[in-house]
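Undergrad: Please see the structure below; I have some questions.
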Amino acid sequence: MAYTIKVNMVDHSVDVDGDTALLWVLRDVLGMTGTKFGCGKALCGACTVLINDIATRSCIVTIDSVGTAAITTIEAIGNTPSGKKIQKAWLDLEVVQCGYCQSGQIMAASALLASKPNPRDADIDDAMAGIICRCGTYVRIREAIKHAAQSAGTNEQRG
Amino acid sequence: MFPDRLGSSAADGAAEASRECNLSRRTFLAVGAAAGGGLLLSVSLPALSCNAKAADVSTFAPNAFVRIGRDGGVTLMMHKVEMGQGTYTSMPMLLAEELEVDLSQVRLEHAPPSDDLYAEPLFGVQETGGSTSVRGNWELLRHAGATARSLLVAAAAQSWTVDENSCHAARGEVIHGPTGRRLSYGALVDKAAALPLPRKVQLKDPKDFKLIGTPAKRLDAPDKVNGTAQFGIDVKVPGMKVATVAACPVFGGKLASVDDSKAKAIKGVHQIVRLNDAVAVVADHMWAAKQGLAALDIRWDEGPNAKLSTADIVQQLAAASQRPGVVARREGDPAKAMASATQKVEAVYEVPFLAHATMEPVNCTVHVRPDSCDIWVGTQVPTFAQTAAAKLTGLPPERVRVHNHLLGGGFGRRLEVDFIVRAVEIAKQVAGPVKVVWTREEDIQHDMYRPYYYDRIAAGLDEHGKPIAWTHRITGSSIMARVTSELFPKTLRVMRAAGLHNLIAMVRGLDVDAVDGAAEPPYALPNIRVEYVRQEPPGIPTAFWRGVGPTHNIFVVESFIDELAVAAKQDPFEYRRALLDKSLRAKAVLELAAEQAGWGKPLPPRSGRGIALLHAFGETYIAEVAEVSVSKEGDVRVQRVVCAVDCGTIVNPDTVKAQMESGIIFGITAALFGEITIKDGRVEQGNFDDYQMLRINEAPSIDVHLVKSTEAPGGVGEPGTSAVIPAVANAIFAATGKRVRKLPIDSAQLRELQ
């Protein structure tokens, strides 16, 4: 069956079974490989995307449940204010190692920053504990989120 | 700078060039293997510039690592793979330092498979592993950069008809000092390509380094934060199908029969591939392939291991550990010294099977044609991939092209080619290219595992508590024996690189990896005997895992030294310190870590500090202090880790720091959670719910302190992992009085008794 989904502000029509996970529609049907496969069971968070600005594990979201919701992926998160700050903080603090989980980390961190401009450690734990980094970049992820929040605060004061 | 442009077409050109001319023009570099080693290895650096077909004539390629175009574009060939360890920054730093270009000017390309061009000097074959990249290529790559620079300077001097010595290179230009004239590298390409290779080039004096020693930014980072980085799993080839595979869940079992009628009815499913011990479903996309696999009615012939359990394996190991092993080290008379000891301490230590669980599940894309084969994959061993595919397809190796990619984690998993072999087996039955992607469950249940080791260790102490006898018998699978048996046709290369000492060890049946970290502890241990007993677990494939031999042995040795300190009624830090008078670098990192950690300062109840020391991976010395708290229920929380590192000369201090942070988290995961168990011949774990990873809310704070040094570089990718496990175990002892002799840590045994 054909479904039309909105990814990064663009409508895409795809012809797949209704139970197909959004992850595989993004990766294998639309060729948007920035979103990663890690576990298939919402245990690792590598596949995190935003659906209506909420960090969501795309490996367990079926295509027939998406409807007209706005899907944002790593390919476009830099167009959002919080995503841009998070990406910059990730580079400033040299967070990445192998990089495979970082799409998911950045999506979750961007959603966190958008909803909580000054996250506390407990907020960071809540938002980020679902995303495994096998390279162990956690220390830097935490610092980078705080770094991005500080830059966000500065901007707000300026504005 | 390097995303999807990275790799294939140009790399293929280079491969072609290497085949056609690698014997016609080559220079041999004598490279000292390691500090104090004295061993000189001959490393060939065949030039590509002789071959007009290597891209185009306007490219200056004085060796296999550097190519400069007329436009001044500098391409550096990455013969090591990037799996997070920062090698795609450190290798360019070595080249760029001597080539005199800015890192912002360079473009990186994955090197094609070639043992002739790209062998790791320490292994003899093209391989990324064992924390060897910097220590193995430290001089080789600087030499490659310096050779190119020297030719460009000579070309400029010729253009100006001036003395070469009046010219110097900087930021991609050659400058004539007296007149200030400048020529860009691009403008010198044609002239430089025609010059003979210099007989000798001068490497920079380390005091003149501009790049080496600085925290240069990772070159792979920008693409990894915007989703454009291409891992093997991200490959897109026109006409490509996607497949997923189920292997017989019991090791050594076979496929008996499969009913695929329901699977074929699923939308998007194209084909069911039957193999001797596996089934794969080929589809339009992974979801359809997964659904197809789930719809198959498969019957397995479970074979001889159908009843195998972890308990059987441990029983076999325990029995084998009763017999004498191959001696790895023997000094003095341990039996006599033991008999005269005031106190004797003995223990059995056990470490479990471990899966690698790279975040990118194993995958491989293959297109088999009658006359050629293309493989798109992330691999630590591209030439092994090529050899294996050639064997399976019957094609000559040069007809197998391996397009390497970024690795979504390696940790030793991608040193193996089992998954590449599997993908080629599947692709042989598929028309057109097919990407084979393992589910997480298949990835964990059909990994090749860090062996289960069973160690008997004992020491005799004199009246002052000092060790006067030390015996350590390690029993477990020999990864080296398997790897050695699979080397053909690379056997000679590897043997040559391994050196006589390792060769003799191998012939004697000694697995030098299995005893690495145990045979040569840094402490003064008179009367020592270290032995190895080989005992293979039936059916369970074993392989290297981050930290290799030392990850197992440093846990045992450093835990046991802690036991001796307790027996001697001495502080664990002071006890170690007193045994390090002949290993000053080890002593210095131990002292630094203790000082920075506030060793000896009081902690709340059920909290404790543990210390551990490591000397491995060449000349790397690490000491780590872990601070843990243990809840009344027995749950362990690692609060803080302080790590002091002396890894000799540092190429990129931020990378070293990052590797320590990384290794520490990886090691804590192993200490607290890591365990693969076998029941009915099957791996019991399958995903991140039952094979757990440390998460951000459980991560400690980590302080890394680097020691400044001008010694030769040591490895940094793995030691952080090896040292943290005993540091945590020793901290648990300090917090609870319970000694951890078996991993993973069992919280049930740490509960406070009511």
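Undergrad: Which residues' amide hydrogens lie under 5 Å from the amide hydrogen of residue B:329, considering only partners 5 or more residues apart or on another chain, with H built in the peptide plane?
TA: For residue B:329, whose amide H was placed from the backbone, the distant partners under 5 Å are B:530.
Undergrad: Right, next: Determine ³J(HN,Hα), in whole Hz, for all residues of the stretch B:573-578 in sequence, where each value follows from phi through the Karplus function 6.51 cos²θ - 1.76 cosθ + 1.60 and θ = phi - 60°; x replaces Gly and Pro.
TA: Karplus-based 3J(HN,Hα) across the stretch B:573-578 equals 5, 5, 4, 4, 4, 5 Hz.
Undergrad: May I ask you to evaluate 6.51 cos²θ - 1.76 cosθ + 1.60, the Karplus curve with θ = phi - 60°, for each residue of the stretch B:222-236 and list the ³J(HN,Hα) values in order in whole Hz, giving x for glycine and proline?
TA: With the stated coefficients, the stretch B:222-236 comes to x, 6, 8, 9, 10, x, 8, 4, 9, 8, x, 5, 8, 4, 10 Hz.
Undergrad: Using a cut-off of 19 Å between alpha-carbon atoms, which lysines can reach residue A:85, once sequence neighbours fewer than 8 places away in the same chain are excluded?
TA: The qualifying lysines are A:116, A:146, B:217, B:224.
Undergrad: Taking H placed 1.01 Å from N in the peptide plane, check which residues at least 5 places from residue A:69 or on another chain put their amide H under 5 Å from its amide H.
TA: Under 5 Å from the amide H of residue A:69 lies no amide H from a residue far enough along the sequence or on another chain.
Undergrad: Which value at 222 nm does chain B reach when only helices count, each DSSP H run of 4 or more adding -39,500 (n - 2.57), with the total divided by all residues and rounded to the nearest 500 deg cm²/dmol?
TA: Working: 20 runs with 235 residues, N = 754.
Rounded to the nearest 500, it is -9500 deg cm²/dmol.
Undergrad: Right, something else. Work out Dmax and Rg for the stretch A:26-65 from the C-alpha atoms and quote the Rg first, both in angstrom.
TA: Over the stretch A:26-65's Cα set, Rg and Dmax evaluate to 9.7, 24 Å.
Undergrad: For residue B:746, what charge total do you get from the other residues with a beta carbon under 13 Å from its beta carbon, if Lys and Arg give +1 and Asp and Glu give -1?
TA: Details: positive: B:738, B:739, B:741, B:742, B:751; negative: B:350, B:633, B:635, B:675.
Net of charged neighbours comes to +1.
Undergrad: I would also like to ask the following. Quick one: Karplus J couplings for the stretch A:13-26, per residue in order, coefficients 6.51, -1.76, 1.60, θ = phi - 60°, nearest Hz, x for Gly and Pro?
TA: Along the stretch A:13-26, the couplings run 9, 10, 10, 9, 5, x, 8, 5, 5, 3, 3, 6, 5, 4 Hz.
Undergrad: Looking at the stretch B:654-754, what % of the alpha carbon pairs are farther apart than 16 Å?
TA: Working: 3329 of 5050 pairs.
It works out to 66 percent of all Cα pairs.
Undergrad: Given the alpha-carbon gyration tensor of the stretch B:578-720, what are the semi-axes of its equivalent ellipsoid in whole angstrom, ordered largest first, with each equal to the square root of 5 times an eigenvalue? Let's see the in-between values first.
TA: Details: eigenvalues 169, 83, 37 Å².
Each semi-axis is the square root of five times an eigenvalue, giving 29, 20, 14 Å.
Undergrad: Tell me, what does the Kirkwood hydrodynamic radius of the stretch B:384-500 come to in angstroms if you use every pair of distinct C-alpha atoms?
TA: In the stretch B:384-500 this quantity evaluates to 18.3 Å.
Undergrad: Taking the stretch B:236-310 on its own, what percent of its Cα-Cα pair distances exceed 15 Å?
TA: Values: 1477 of 2775 pairs.
Taking all Cα-Cα pairs of the stretch B:236-310, the fraction more than 15 Å apart is 53 percent.
Undergrad: With the Cα gyration tensor of chain B in hand, give its eigenvalues times 5 under a square root as the equivalent ellipsoid semi-axes, listed largest first in whole angstrom. Let's see the in-between values first.
TA: On the way: eigenvalues 369, 257, 103 Å².
Three semi-axes, in Å: 43, 36, 23.
Undergrad: So how many Å³ per residue does the convex hull of the Cα atoms of the stretch A:1-94 work out to? Please report the intermediate quantities before stating the final value.
TA: On the way: hull volume 8.8 nm³, N = 94.
Convex hull of Cα atoms, per residue: 93 Å³.
Undergrad: Bin width 10 Å, alpha-carbon pairs only: give the P(r) of the stretch B:80-187 as whole percents, running from 0 to the bin holding the largest distance.
TA: 14, 40, 26, 16, 4
Undergrad: Can you tell me the Rg and the Dmax, both Å, for the Cα atoms in the stretch A:22-159?
TA: 14.3, 43
Undergrad: Here's something else I'd like to know. If you build the Cα gyration tensor of the stretch B:63-132 and take the root of 5 times each eigenvalue, what three semi-axes come out, in whole angstrom, biggest first?
TA: Values: eigenvalues 92, 38, 20 Å².
Taking √(5λ) for each eigenvalue gives 21, 14, 10 Å, largest first.
Undergrad: Related question: Restricting things to alpha carbons, find the Rg to Rh ratio for the stretch B:204-360 using the Kirkwood radius for Rh. Spell out each step's value before the answer.
TA: Numbers: Rg = 27.2 Å, Rh = 22.5 Å.
When Rh is taken as the Kirkwood radius, the ratio is 1.21.
Undergrad: Kyte-Doolittle mean at least 0.5 and Cα extent at least 20 Å along the axis: which DSSP H helices of chain B qualify? Write out the running numbers ahead of the final one.
TA: Details: long enough: B:133-160 (39 Å, 0.12); B:548-567 (29 Å, 0.91); B:653-672 (29 Å, 0.63); B:719-736 (26 Å, 1.21).
Going by DSSP H runs, the hits are B:548-567, B:653-672, B:719-736.
Undergrad: Which value does Rg/Rh take for the protein assembly as shown over its C-alpha atoms, Rh per Kirkwood? Intermediate results must be reported in sequence, preceding the final value.
TA: Working: Rg = 27.7 Å, Rh = 28.7 Å.
With Rg and the Kirkwood Rh in hand, the quotient comes to 0.96.
Undergrad: Which whole-number percentage describes the relative contact order of the stretch B:446-570, with Cα contacts under 8 Å and a sequence gap of 6 or more?
TA: Working: 163 pairs, mean separation 46.5, N = 125.
Over the stretch B:446-570, the number comes to 37 percent.
Undergrad: Which of A:108, A:70, A:144 moves the most in a Gaussian network model of chain A with Cα springs under 10 Å?
TA: Answer for the Gaussian network model of chain A: A:70.
Undergrad: Report, in order of residue number, the helices in chain A meeting two criteria: a C-alpha extent of 15 Å or more along the helix axis, and a mean Kyte-Doolittle hydropathy of at least 0.5; treat each whole DSSP H run as one helix.
TA: On the way: long enough: A:81-92 (16 Å, -1.03); A:102-115 (19 Å, 0.81); A:138-158 (30 Å, -1.00).
Those that pass (Cα extent of 15 Å or more, hydropathy at least 0.5) are A:102-115.
Undergrad: How large is the direction-averaged shadow of the alpha-carbon convex hull of the stretch B:322-363, in nm²? Walk me through the numbers before you get to the answer.
TA: Numbers: hull surface 25.2 nm².
Averaged projected hull area, Cα only: 6.3 nm².
Undergrad: Let me ask you something else. Send over the Kirkwood Rh of the stretch B:421-463, from the inverse of the averaged 1/r over different Cα pairs, rounded to one decimal Å.
TA: 14.9 Å
Undergrad: Let me ask something additional. Taking N as the number of residues in the stretch B:472-554, what is its Cα Rg relative to 2.2 N^0.38 Å? It would help to have the intermediate numbers written out before the result.
TA: On the way: Rg = 13.6 Å, N = 83, 2.2 N^0.38 = 11.8 Å.
Against the compact-globule rule of thumb, the ratio is 1.15.
Undergrad: I would also like to ask the following. So which aspartates and glutamates can residue B:679 reach, going by Cα to Cα under 12 Å and dropping same-chain residues fewer than 8 places off?
TA: B:312
Undergrad: I would also like to ask the following. From zero up to wherever the largest Cα-Cα distance of the stretch B:180-229 sits, split into 10 Å bins and tell me the percent of pairs in each.
TA: 16, 20, 36, 24, 4
Undergrad: Let me ask something else. First measure r as the distance between the Cβ atoms of residue B:371 and residue B:267, then evaluate 1/(1 + (r/R0)^6) with R0 = 45 Å and state the FRET efficiency to the nearest 0.05.
TA: On the way: r = 34 Å, r/R0 = 0.76.
The pair residue B:371/residue B:267 has a calculated efficiency of 0.85.
Undergrad: Please report the relative contact order for chain B, taking Cα pairs under 8 Å with a sequence separation of at least 6, and give it as a percent rounded to a whole number. Before the final figure, lay out each step's value.
TA: Working: 1750 pairs, mean separation 103.7, N = 754.
Value for chain B: 14 percent.
Undergrad: While we're here: Long-range amide H contacts for residue B:436: which residues qualify at under 5 Å (H placed 1.01 Å from N, peptide plane, sequence gap of 5 or more or a different chain)?
TA: Under 5 Å from the amide H of residue B:436 lie the amide H atoms of B:243, B:364, B:365, B:366, each far enough along the sequence or on another chain.
Undergrad: Next up: Taking only the alpha carbons of the stretch B:131-172, what extent do you get along each of the three principal axes, in Å, biggest first?
TA: Principal extents (largest minus smallest coordinate, Cα): 46, 16, 13 Å.
Undergrad: Here's something else I'd like to know. Using the structure shown, select from B:236/B:391; B:290/B:428; B:569/B:738; A:6/B:290; A:36/B:236; A:36/B:435 the pairs with a Cα to Cα distance greater than 18 angstrom. Walk me through the numbers before you get to the answer.
TA: On the way: B:236/B:391 25 Å; B:290/B:428 20 Å; B:569/B:738 16 Å; A:6/B:290 25 Å; A:36/B:236 14 Å; A:36/B:435 15 Å.
The pairs that break the limit, which is 18 Å between Cα atoms, are B:236/B:391; B:290/B:428; A:6/B:290.
Undergrad: May I pose another question? How are the Cα pair distances of the stretch B:542-591 distributed, in percent, across 10 Å bins from 0?
TA: Bins of 10 Å from zero give 24, 43, 26, 8 percent of pairs.
Laboratory data are not the source of any read-out in this text; all were calculated from the coordinates shown. All values reported here derive from a predicted model rather than from experimental measurement. All Cβ positions, even for glycine, are placed from backbone atoms using ideal geometry, and neighbour counts span all protein chains on display.
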